[in-house]
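What follows is calculated from the coordinates using simple rules that are stated; it is not laboratory data. In this text the structure is predicted, and so the values were computed from the model without any measurement. Every residue, glycine among them, receives a Cβ derived from its backbone with ideal geometry; neighbour counts consider all protein chains shown.
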Ligand code: CO
């Protein structure tokens, strides 16, 4: 079982690597890793389990956060109380995006960043992702609001970018009126 301490911390240089494209079929190792990531994200969002195993809640995780520099990430989105939607995006890219940008008013979080970080991270309000599923089929996924932010956050991980890189150091709330808060 994956524990929170197994997730790389922001100081780890590996988080700055550019992850490599994945070829199909996936190896057993990759399939196992993806399933481990899904389980962690799911369990971490269920209070009893999270508490019992001391899991930090998160809705997204990229392979590089476990030290594997491959281009895939997993998102487990709670759409209703105890009801989850799981996304596995392999070799993902954004093929279209809204002009409108939004940001998380409370500040973005990351399983690799164990401190509160203030500031605005502008993200597209809507994106269409192209990616491959675990069977190697090409998929298109449209996302908006929180899910769209999550996809952009995870895609950044594959390029060695952490969310706070987008925050203006001198003026963390720069652009506040330009973007919509969610
Ligand atoms: Co993150």
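Overall, the ratio between the Cα radius of gyration of the stretch 1-101 and 2.2 N^0.38 Å, rounded to two decimals, is 1.14.
Across every pair of non-identical alpha carbons in the stretch 27-70, the mean reciprocal distance, once inverted, gives a Kirkwood radius of 10.9 Å. Here the label points at residue 13 and residue 39, each 7 Å from Cα along the C-beta direction, are separated by 3.2 nm in the simple model. Computed over all pairs of different Cα atoms, the Kirkwood value for the hydrodynamic radius of the stretch 31-154 is 15.2 Å.
7 Å from Cα along Cα→Cβ at both residue 101 and residue 159: what's the point-to-point distance in nm? Each label point lies 7 Å from its Cα, and together they span 1.3 nm. Using the rule -39500 (n - 2.57) for each DSSP H run of four or more residues, divided by the residues of the chain, the 222 nm mean residue ellipticity is -6500 deg cm²/dmol. Each listed q (0.18, 0.20 Å⁻¹) maps to a log10 I(q)/I(0) for the stretch 59-108, found by the Debye formula over equal Cα scatterers with no solvent: -0.85, -0.99. In whole angstrom, note down how far apart the Cα centers of the stretch 12-40 and the stretch 69-142 are. Taking the Cα centre of the stretch 69-142 as reference, the centre of the stretch 12-40 is 16 Å away.
In this simple spin-label approximation, residue 94 and residue 23 carry label points 7 Å from Cα along the Cα→Cβ vector, and these lie 3.0 nm apart.
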